[in-house]
Amino acid sequence: MTRRDGASGGAGHMARRPAPRGGRNKVLMALAVVGAFAVLASGGFGWVWFKLGGKISTFSGDGLSDNRPAAGGGGQNVLVIGSDSRSGKNKELGGGEGDIGRSDTAFLLHVYADRRHAVAVSVPRDTLVEIPRCRLPDGSWSAPRAEAMFNSAFSTGETPEGNPACTQNTVEKLTGLRVDHTVVVDFNGFSKLTSVVGGVPVCLPNDIYQRDLSPKRPTRGELVFHEGTQKVSGQQALDYVRLRHGIGDGSDIGRIKRQQAFVSALLKTVREKGLTPTRLLPLAEAATDSTTVDPGLGSADKMLSFALSMKNVDLHNTKFVTVPWRYEGSRVAVVQPGADALWSALRRDKPIGDPPKKKTGKTGEAKAADEAPATGAGISVSVRNGTTVPGLAARAAGVLRTGGFTVASTATSPDQGHATTTIAYGPGAKKAAQTTARWFPGATLKAAEEPGVTVTLGSSYANDPAAAPSSPVAPAKSAPVGSDARSADENPCEDVSYG
């Protein structure tokens with residue numbers, strides 16, 4: 001039956017799906033499963049998928065909209081959703097209460113027509129989007145919602161298995177891209193996957209303690225991760241990918257960066273292992289045990305065909321990006337025209353290019369200020385008036401907001417004798433401070449223990465018009481689409497913190 005709202009009728013429930021597994025991860029590591037498909041196919045061990053054919057779970061596609069973007073470009077788009085159900089074995093993995101299916105992060109994987117390039121675009125969970133009509137468990141349809149959080153699409157209907165069709169409809173509405181396949185991943189099998197490959201190398205910019213994993217803990221607790229590189233697997237891998245506090249600015253954006261680095265390292269590990277048939281079977285079992293797919297991938301031969309289509313995508317040509325964004329209060333807004341340029345490139349099957357080479361000085365250190373973005377999108381700043389000139393902090397805050405910054409607070413500095421502007425930055429916030437400095441010529445950058453970026457205005461800002469521009473000094477040209485992409489072959493310590 002075709003409904004007047006443009007979506008086809010029918011059952012919207014999961015088929016052959018047991019109670020979802022996995023923890024309160026609020027993360028998305030599902031490209032590991034997609035990567036496993038490709039590795040198995042390239043190794044010539046397609047028999048594994050046929051052996052596991054009976055384990056492949058599917059969800060019903062009856063809730064997908066009839067008003068969908070046209071297919072085109074020759075590439076394939078695969079929506080990967082992380083299921084964060086808090087039922088079943090979830091408590092063993094550190095989850096919360098309740099049994100409503102949740103998805104706090106997702107990405108759209110575009111495999112290019114040449115089958116040699118792929119890019120995964122992460123969509124932050126708090127992104128404000130339009131959620132179209134979605135099918136509910138009783139067969140009725142929800143009303144469309146504007147300015148809704150992206151992750152609420154998966155929870156529409158409040159069932160333990162979630163609503164992948166609703167998330168797919170939302171992504172198609174957001175991007176104008178037709179989603180060819182949707183893969184839902186829970187995390188009971190994720191720890192098995194990381195263990196099968198013998199652990200995954202990760203990198204931490206500082207020590208992490210138990211309270212960083214559980215912020216309500218009254219004491220710091222024991223050391224969980226030491227600073228630097230190390231291998232993690234099983235429960236420890238889950239702890240790493242759900243880690244948010246105690247690193248960078250504690251944002252979900254920072255966690256996305258580390259998740260992308262983790263998946264890159266996992267894919268690299270699998271490729272380098274040269275896994276034997278003996279190792280491939282448990283890897284495949286771990287993958288299928290944590291995955292539910294759309295009917296188009298719901299059999300062993302379809303899954304194998306999908307895997308074979310990606311066997312020639314190498315690590316360097318596998319890119320990770322996040323949809324252009326900025327903070328909208330406590331939420332995330334999609335930034336235009338950057339997002340539309342990204343979706344347009346994917347619709348035209350245009351590859352995401354390598355980031356420009358970094359300029360280096362005599363010491364070989366990258367000149368991050370030269371590479372800073374032209375806007376303050378995604379950067380939160382506190383502004384302090386370090387002079388006796390009234391209203392100076394408010395004036396600077398207005399300038400920063402027009403530049404895309406989020407102004408967390410304005411106040412008067414205890415010391416009002418500042419001659420020049422100082423920009424203090426906490427751990428992991430140096431790049432953000434360098435970007436901020438472009439709005440304040442002559443400002444001094446200073447490392448601090450306090451997190452985030454704080455601008456303390458000096459009298460030079462009040463007295464010298466050249467020191468108070470309404471736009472960044474020597475603004476950089478808009479970066480090409482994907483110039484900040486991460487390749488799957490990058491060092492796991494590269495750009496793993498935010499803020």
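The values are calculated or read from the model by the stated rules, or taken from the named source; none is laboratory data. The structure presented is a predicted model; accordingly, all values stated were derived computationally and were not measured. FYI the Cβ positions are ideal-geometry reconstructions off the backbone, even for glycines, and counts take in every protein chain you see. For accessibility, only protein heavy atoms count, side chains too; no ligands or nucleic acids. Shrake-Rupley method; radii C 1.70, N 1.55, O 1.52, S 1.80 Å.
Structure above, values below:
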quantity	calculated
Some residue of segment 462-476 being farther than 28 Å from Val335 by Cβ, at pLDDT 85 or above and either of a type in the set (Val, Ile, Thr) or touching a Leu at 6+ places or on another chain (Cβ under 9 Å) (or both)	no
Failed condition for Ala368, given (1) open to solvent by 30 Å² or more (accessible area, probe 1.4 Å); (2) modelled with pLDDT under 80	(1)
Lone qualifier among Gly139, Gly162 - being surrounded by 19 or more Cβ atoms within 10 Å (Cβ to Cβ) and not in a strand (DSSP E or B)	Gly162
Of residues in segment 120-136 being charged (D, E, K, R) and part of a strand (DSSP E or B), the one surrounded by the fewest Cβ atoms within 10 Å (Cβ to Cβ)	Glu130
Set Ser122, Ser142, Ser155, Ser191: member being under 27 Å from Gly73 (Cα atoms) and polar (S, T, N, Q)	Ser122
Residue count for segment 61-82, restricted to those that are outside any loop (DSSP other than H, G, I, E, B) and under 24 Å from the mean Cα position of the chain (by Cα)	7
Qualifying positions in segment 244-270 - free of Cβ contacts under 8 Å to residues at least 40 places away in the same chain and either buried (at least 24 other Cβ atoms within 10 Å of the Cβ) or not in a loop (DSSP other than H, G, I, E, B) (or both)	none
Hits in segment 105-119 (condition: part of a loop (DSSP other than H, G, I, E, B), modelled with pLDDT under 90 and open to solvent by less than 10 Å² (accessible area, probe 1.4 Å))	Thr105
Matching residues in segment 304-324 - criterion: being touching a Ser or Thr at 6+ places or on another chain (Cβ under 8 Å) and either part of a loop (DSSP other than H, G, I, E, B) or modelled with pLDDT under 85 (or both)	Lys311, Asn312, Leu315, His316, Asn317, Val323
Among the residues listed as Thr410, Thr435, Thr406, the single one being of a type in the set (S, T, N, Q), closer than 14 Å to Leu392 by Cβ and surrounded by 15 or more Cβ atoms within 10 Å (Cβ to Cβ)	Thr410
Single match in Thr156, Thr175, Thr182, Thr170 (criterion: open to solvent by 10 Å² or more (accessible area, probe 1.4 Å), touching a strand residue (DSSP E or B) at 6+ places or on another chain (Cβ under 9 Å) and β-branched (Val, Ile, Thr))	Thr156
